[in-house]
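Before any comments, here is the structure.
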Amino acid sequence: MLPLAGGGRFCLFHPAASPAGGIGAAVYVHPFAEEMHKSRRMAALQARALADAGISVLQIDLLGCGDSAGEFGDATWSRWIDDVAEAVRWLHGRTGFVPLLWGLRSGCLLAHAALAKLPATPDLVFWQPVISGKQHLQQFLRLRVAGELIGRAGADRTSTNELRAQLEGGATLHIAGYALSPGLALGLDAADLAPRATRTRVAWLEVSGSDPPEVSPAGQMRVTAWQAAGSEVSAAAVAGLPFWQTQEIAQCAALIDATTAAVLRWRQ
Amino acid sequence: MHSEVVKVLEQTLNLKPTGVRMDADTPLLGAIPELDSMAVVAVITTLEERFGFTVADDEIDGSTFATAGSLVAFVKSKLGA
């Protein structure tokens, strides 16, 4: 438990197995709502793989998530960014290494935003990054109106615009079993995986159902923008199922191998 | 673009390859049992993330998902092509 504002944050620490003291450190930043639960196994497998390779990993459950203090409805986007920065501080103190930030989906947006709160620029690992927080919020709001999308005519149905207006008016919405506070939704809405002015090393990894696997057109455009801004981005796609959303819990061994290899390249 | 959209449909709905190629007139909504309201949301989400656009709800209704051709036409209109 990491004692932070609003109560303890549940953390899992995977110390580097070898060599003694390890060769680096990483903080995992989980995705949003149901995607966090679907991806628990993959996060645990990757954390162990990195620890075995000498990279100490800290997994933090953000405020109101998993086994941490608070309810989901208490969470705000800025509180989550602070949680990530605090996790980095703790792990840096513990290991002596500047931890890289490894995010999945909207966790990439949080990791990106946390950089502004950190003294040194860490390396970044993006797993299937959400590029636009606005798009991600829209998709979450759409879960509430899904049944109406293809049924009723335009004028009769509740729209995501109305839900957005309710959030802007200060209302908490209940969607898919989650209490979504304005402080969380509007922060997510404004988040964007914008290229950084500071040169940053990024491993951008996507899971693809195509054969051969390919980075999505939208992802490739953003990678190119980051590279043009001076960052060192290596983008790759591996074959597999979208484990953060599949009905059955899925694994993707190729993603774990590619991630560990990318991290170890930085440590050479 | 047609084959890209068909690929998204097949992958998102986990359709078994039937050997029949979807053409523009292939009916979707009401003809493919896997395509329920949550699957429609999943298809929209996948198209948004793959191509990098955002769909407002008043841009789509049942007619968007009437046939493979109507869905392709919608994606093209979003991409301004």
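The values are calculated or read from the model by the stated rules, or taken from the named source; none is laboratory data. Quantities reported herein were computed from a predicted structural model and do not represent experimental measurements. Glycine gets a Cβ as well: all are built from the backbone with ideal geometry, and neighbour counts include every protein chain shown.
For region A:191-203, name all the residues that are within 14 Å of chain B (Cβ to nearest Cβ) and either over 16 Å from residue A:111 (Cβ atoms) or in contact with a Cys (Cβ under 9 Å, 6 or more places away or on another chain) (or both).
The one that is within 14 Å of chain B (Cβ to nearest Cβ) and either over 16 Å from residue A:111 (Cβ atoms) or in contact with a Cys (Cβ under 9 Å, 6 or more places away or on another chain) (or both): A:193.
Please determine whether any residue of region A:168-188 is within 11 Å of chain B (Cβ to nearest Cβ) and crowded, with 16+ Cβ neighbours inside 10 Å.
Looking through region A:168-188, none of the residues is within 11 Å of chain B (Cβ to nearest Cβ) and crowded, with 16+ Cβ neighbours inside 10 Å.
Can you tell me which residue within region B:49-74, out of those that are assigned to a helix (DSSP H, G or I) and within 7 Å of chain A (Cβ to nearest Cβ), is nearest to the chain's Cα centre (by Cα)?
The initial filter retains those residues of region B:49-74 that are assigned to a helix (DSSP H, G or I), namely B:49-51, B:57-59, B:62-65, B:68-74.
Next, only the ones that are within 7 Å of chain A (Cβ to nearest Cβ) stay: B:49-51, B:57-58, B:62, B:65.
Numbers: B:49: 13, B:50: 12, B:51: 13, B:57: 15, B:58: 16, B:62: 11, B:65: 6 Å.
Top of the filtered list is B:65.
Select, from A:193, A:163, A:149, the only residue that is surrounded by 16 or more Cβ atoms within 10 Å (Cβ to Cβ) and at pLDDT 95 or above. Quick ask: steps written out before the conclusion?
Details: A:163 fails: at pLDDT 95 or above; A:149 fails: at pLDDT 95 or above.
Result of the check over A:193, A:163, A:149: A:193.
Within region A:170-190, does at least one residue satisfy the condition of being modelled with pLDDT of 95 or more, in contact with a helix residue (DSSP H, G or I) (Cβ under 6 Å, 6 or more places away or on another chain) and within 30 Å of residue A:214 (Cα to Cα)?
yes
Is it true that residue A:203 is crowded, with 17+ Cβ neighbours inside 10 Å, hydrophobic (A, V, I, L, M, F, W, C), free of Cβ contacts under 8 Å to residues at least 60 places away in the same chain and part of a strand (DSSP E or B)? I'd like the intermediate steps shown before the answer.
Working: crowded, with 17+ Cβ neighbours inside 10 Å: yes; hydrophobic (A, V, I, L, M, F, W, C): yes; free of Cβ contacts under 8 Å to residues at least 60 places away in the same chain: no; part of a strand (DSSP E or B): yes.
No.
Of the residues A:93, A:22, which single one is under 26 Å from residue A:260 (Cα atoms), free of Cβ contacts under 8 Å to residues at least 60 places away in the same chain and not acidic (Asp, Glu)?
A:93
Hey, can you tell me all the residues within region A:119-145 that are modelled with pLDDT of 95 or more, more than 26 Å from residue B:59 (Cα to Cα) and either within 9 Å of chain B (Cβ to nearest Cβ) or over 17 Å from the mean Cα position of the chain (by Cα) (or both)?
Result: A:128, single match.
Check A:187, A:219 and return the single one that is part of a helix (DSSP H, G or I), touching a residue at least 60 places away in the same chain (Cβ under 8 Å) and out of contact with any strand residue (DSSP E or B) (no Cβ under 9 Å at 6 or more places or on another chain).
When all the criteria are applied, what remains is A:187.
Is it the case that region A:74-93 has a residue that's touching a Phe, Trp or Tyr at 6+ places or on another chain (Cβ under 9 Å), within 10 Å of chain B (Cβ to nearest Cβ), surrounded by 22 or more Cβ atoms within 10 Å (Cβ to Cβ) and not basic (Lys, Arg)?
Taking every residue of region A:74-93 in turn, none turns out to be touching a Phe, Trp or Tyr at 6+ places or on another chain (Cβ under 9 Å), within 10 Å of chain B (Cβ to nearest Cβ), surrounded by 22 or more Cβ atoms within 10 Å (Cβ to Cβ) and not basic (Lys, Arg).
Quick one: count up the residues across region B:34-48 that are more than 12 Å from the chain's Cα centre (by Cα) and within 7 Å of another protein chain (Cβ to nearest Cβ).
Of the residues in region B:34-48, 2 are more than 12 Å from the chain's Cα centre (by Cα) and within 7 Å of another protein chain (Cβ to nearest Cβ).
Could you tell me which of the residues B:79, B:28 is closer than 23 Å to residue A:247 by Cβ, at pLDDT 85 or above and more than 9 Å from every other protein chain (Cβ to nearest Cβ)? Outline the logic, then answer.
Details: B:79 fails: closer than 23 Å to residue A:247 by Cβ.
One residue alone meets the criteria, B:28.
Of the residues B:35, B:15, only one is within 21 Å of residue A:139 (Cα to Cα), in a loop (DSSP other than H, G, I, E, B) and without any contact (Cβ under 8 Å) to a residue 40 or more places away in the chain; which?
Just one listed residue meets the conditions, B:35.
Condition test on residue A:205, is it over 15 Å from the mean Cα position of the chain (by Cα) and modelled with pLDDT of 90 or more? First the steps, then the outcome.
Values: over 15 Å from the mean Cα position of the chain (by Cα): no; modelled with pLDDT of 90 or more: yes.
No; evaluated as a whole, the condition is false for this residue.
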